[in-house]
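A short write-up of the structure that comes next.
Read the figures in this text as sums done on the coordinates, not as results from a lab. Since the structure is predicted, the reported quantities are computational estimates derived from the model, not experimental observations. Here the Cβ is made from the backbone with ideal geometry for all residues, glycine too, and neighbour counts use every protein chain on show.
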Amino acid sequence: MTTPSLPSQPPRLPAGGFTARRLISIDDLSDAEIAYSLDLAEYYAGFLNRSEPAPQRLAGRTQINLFFEDSTRTNLSFDLAGKKLGADVVNVPVSASSIHKGESLVDTAQTLAAMGADIMIVRAKEEGLHERLDKLLSCVVVNGGAGALEHPTQALLDAATIRSQFGRIEGLTVAICGDVKHSRVAGSDARLFTRLGATVRFVGPAGLMPDNDQFTDIERCKNLKDGLKGADIVMGLRMQFERMESGGKDAAQGYFEAFGLTHETMKLASPGAFVMHPGPMNRGVEIDSALADDPERSLILRQVFYGAATRMACLDALVGAP
Ligand code: CP
């Protein structure tokens, strides 16, 4: 992967230190903590890029990855990130756990925390579970994806990816396209990018937009022509068929013809625009393969790379050695 030269020195802690002791929403971080996290991600990207061992900032710490919903990128990049920093990492095999004997999610999390966890990464769709765990557990709770609500580390890695390409977020226009309604990524990205000074738009059919009383400060566009105009980044979203009634058959009907991201539709965006997608992708549904796999136009694999670097940064900032 070619990226601009990456820093070999860690960034300075924000004045007053990094005081956040949970990462459930992007709003748990101050502006200074967000800036520090992005700089730290860039620092760790250097170690990954150079295949150099990273400082063992989590030596002696125990990290538990508790994923009640499926995940490839988030679960495995947190696993890798913890190991790179020297943590003892436990990946809970939920499908073979006592959940299937009727143990509640909270009891499971409390049991694992009692084993001496310093940090627990939790993916679950139950609204309010992360907040409840944060109150109950003595370890740091990180949201690894909460239903259609929030995915803060995805937003941070998306910001780190954009910054690696453009050198900034401020002043850019980001079009977030597709199934915004069911996407935790759309919400976290919109909150973070707006805070970082970007203009964010939601683009998609009315049936896939959030309720009107949500994200009232974000412009909504019902077609790609309006939505992609002037966009520097076009963020495709997965159609979350599993969260739709009747498996999403109606939503898929004619979707690609109207909203599919292709080299042709990317001509509606700024000339130097890039496509991104948090993954997993439905190829041929929201994005075509030629665009997704085009290294000149797609940052999708760079998002995965920054996923590991950004999660190293989050782990270090939240529970790394003082
Ligand atoms: N982007 C993302 O959260 O992917 P996974 O579901 O594979 O973790």
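Taking the empirical scaling 2.2 N^0.38 Å for compact globular proteins as reference, the range 152-299 has a Cα radius of gyration ratio of 0.95. Entry note, the chain: the mean residue ellipticity at 222 nm calculated from DSSP H runs of n ≥ 4, each adding -39500 (n - 2.57), is -10500 deg cm²/dmol after division by the residues and rounding to the nearest 500. Structural descriptor for the chain: relative contact order 20 percent, calculated from alpha carbon pairs under 8 angstrom and at least 6 residues apart. With 29 Å as the limit, the listed pairs 101/181; 83/181; 84/229; 181/229; 222/267 have 101/181; 83/181; 84/229 beyond it between alpha carbons. Quick one: 189, 31, 39, fewest Cβ neighbours within 10 Å first, how do they rank? Ranked by crowding around the Cβ, least crowded first: 31, 39, 189. When the Cα positions of 318, 196, 129 are compared along the charge dipole of the chain, 318 comes out farthest toward the positive end, with charges on each C-beta of Lys, Arg, Asp and Glu.
When the scattering of the chain is computed by the Debye formula from its Cα atoms alone, each counted once and equally, what is log10 I(q)/I(0) at q = 0.09, 0.12, 0.14 Å⁻¹? Log-scaled intensity ratios, in q order: -0.45, -0.81, -1.09. By other beta-carbon atoms within 10 Å, ranking 182, 130 with the fewest at the front produces 182, 130. Computed from backbone phi, the HN-Hα couplings of the range 234-243 come to 10, 9, x, 10, 5, 6, 8, 4, 5, 9 Hz, rounded to whole numbers (Karplus: 6.51 cos²θ - 1.76 cosθ + 1.60, θ = phi - 60°; Gly and Pro given as x). Using Cβ point charges alone (K and R +1, D and E -1), the dipole size of the chain about the Cα centre works out to roughly 480 debye. Given q = 0.11, 0.18 Å⁻¹, what are the Debye log10 I(q)/I(0) values for the range 1-140, with equal point scatterers placed on the Cα positions and solvent ignored? Summing over Cα pairs of the range 1-140 leads to -0.48, -1.18.
For the range 19-28, putting each phi into the Karplus relation 6.51 cos²θ - 1.76 cosθ + 1.60 with θ = phi - 60° gives couplings of 9, 4, 10, 6, 9, 9, 10, 4, 6, 6 Hz, in residue order, rounded to whole numbers and with x for Gly and Pro.
Neighbours of residue 45 by Cβ distance under 11 Å: Lys/Arg scored +1, Asp/Glu scored -1, total +1. Considering only Cα atoms, the convex hull volume of the range 266-322 works out to 108 Å³ per residue.
Can you tell me what share of the DSSP beta bridges in the chain is antiparallel? A percent to the nearest 5 is fine. Taking every DSSP beta bridge with both residues in the chain, the antiparallel ones total about 5 percent. Using Cβ point charges alone (K and R +1, D and E -1), the dipole size of the range 152-299 about the Cα centre works out to roughly 240 debye.
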